[in-house]
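These notes are about the structure you will find just below.
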Amino acid sequence: MIRKIFKYVGIGLACLVAVVLSSGLLYRKYLQHKVAEERAIRSANGIQSLEPVRIGGIDQWIEVRGQNVNNPILLFIHGGPGIAFIPLAGAFQNPWEQYFTVVQWDQRGAGKTYASNDKELLSRTMNLPQMEQDTLDVVNYLRNRFKRERIFVVGHSWGSVLGLWLAHEHPEFIYAYVGTGQVVNMQQNEEVGYHDALQQARKMHNEQAVKELESIAPYPVPIADFTKTSTVRKWEGQLLGPPPSTPEFTDGKRIVLSLVSTPEYSLADDYGFIRGMSFSLNTLFTESMKVDLDKLGSDFREPVFFFEGRHDPFCPASPVWEYQQTIKSPQKEIILFENSGHFPFFEEPQKFRDELVQRVLPLADYRRGGD
């Protein structure tokens, strides 16, 4: 009799789990359908495509969206490394699609690209020179596919390392470059961020922050130390940054909702998004901490813009301001977003869109005239 009770209880629990899982999957399908309808491109000349492209010996996923395929192309190079933006771009990108054909690319080791490829192959081939070559290959793919001489490039955080390299080394392919959360010299970034976080901790009498930050001094260290850098990042995020009223791009609930509701991602891709972040960071951490884009040289042959959050806790605006003073370019500007941190395109979306449209977009017509 007891065995029968356990048997039926087990069957009941299994059925309950199945019902919960089925309900979750059905709700996911509902959310994906809702987002697909809200973001659908319905204009006659619009484009909405998502496909793997063979780049650097692996399949890399590229999404192209815009209300008019004849608009200038804008490639957004995401940060991280490993934080894929295909599932996150709906939070800020839609207004851009009126003026640009916008391209999101899940880089080697990120998102759908991580999920679609052999992990051992990714591990062997993930390094800065390969990522730079991938970036160039993506640009040439877009130029050939859409028959364009030039495109616009926006590089964010880690993506700004690839973007600024591209702007310096291949200006013939770019109307203009826009860096946001721009990285120039990682050691300088670390020095400024650590100093600012410790100073703020002392000012706020946050004894725990002071204790942890002082315990890792001197910082930064010549050989990259993930544990120490993680401590700095934690307190930078908590002590620095934009005003509390500013919307938070990295809010965990919002990111999870974006992941489960994006129609471009499967469950395997969701897993790839999460695993790809840690995989990419672990693979590229040491190399990324050595980045020094001053070594590229100071001469740029196309317009260069920096859209920087005044309160960026991770890529402070002051080193970017200093760097901008040293470079030579046909046009160079730094635009500060007074209420933003590391994600001004999300934190002040209207201003970011307006700056792109009013300050950057007209350069496509100017450069066409000079081709």
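General remarks:
- Looking only at the range 11-39, and only at residues there that are closer than 30 Å to P95 by Cβ and of a type outside the set (D, E, K, R), the one that is modelled with the lowest pLDDT: Y27
- Every residue from the range 128-154 that is assigned to a loop (DSSP other than H, G, I, E, B) and open to solvent by less than 50 Å² (accessible area, probe 1.4 Å): R148, R150
- Selection count, the range 66-84, where residues are over 19 Å from N144 (Cβ atoms), open to solvent by less than 10 Å² (accessible area, probe 1.4 Å) and without any contact (Cβ under 8 Å) to a residue 40 or more places away in the chain: 0
- Residue check, L198 surrounded by 20 or more Cβ atoms within 10 Å (Cβ to Cβ) and in contact with a helix residue (DSSP H, G or I) (Cβ under 9 Å, 6 or more places away or on another chain): yes
- Conditions (1) surrounded by 15 or more Cβ atoms within 10 Å (Cβ to Cβ); (2) closer than 19 Å to Q93 by Cα; (3) not β-branched (V, I, T): number failed by L257: (1)
- One residue stands out among those in the range 314-342 that are within 23 Å of I174 (Cβ to Cβ) and assigned to a loop (DSSP other than H, G, I, E, B): the one that is nearest to the chain's Cα centre (by Cα), which is C315.
- In the range 49-63, residue most open to solvent (accessible area, probe 1.4 Å) [restricted to those that are free of Cβ contacts under 8 Å to residues at least 40 places away in the same chain and under 20 Å from the mean Cα position of the chain (by Cα)]: E51
- If you filter the range 95-127 down to residues that are within 16 Å of the chain's Cα centre (by Cα) and open to solvent by 10 Å² or more (accessible area, probe 1.4 Å), you find that the one that is farthest from P349 (Cα to Cα) is Y114.
- Against the test of being crowded, with 18+ Cβ neighbours inside 10 Å, among the aromatic types (F, W, Y) and closer than 22 Å to G90 by Cα, the options F279, F300, F343, F306 yield a single qualifying residue, F343.
- Residue within the range 131-152 that is farther than 24 Å from V69 by Cα and touching a Lys or Arg at 6+ places or on another chain (Cβ under 8 Å) present: yes
- Of the residues making up the range 155-181, those that are open to solvent by 10 Å² or more (accessible area, probe 1.4 Å) and either small (G, A, S) or assigned to a strand (DSSP E or B) (or both) are S157, Y175.
The values are calculated or read from the model by the stated rules, or taken from the named source; none is laboratory data. A quick note: this is a predicted structure, and the numbers were derived from the prediction, not measured. So basically every Cβ, Gly included, is an ideal-geometry build from the backbone, and we count neighbours across all protein chains shown. Heavy atoms of the whole protein, side chains included, go into the accessibility calculation; ligands, DNA and RNA do not. Shrake-Rupley method; radii C 1.70, N 1.55, O 1.52, S 1.80 Å.
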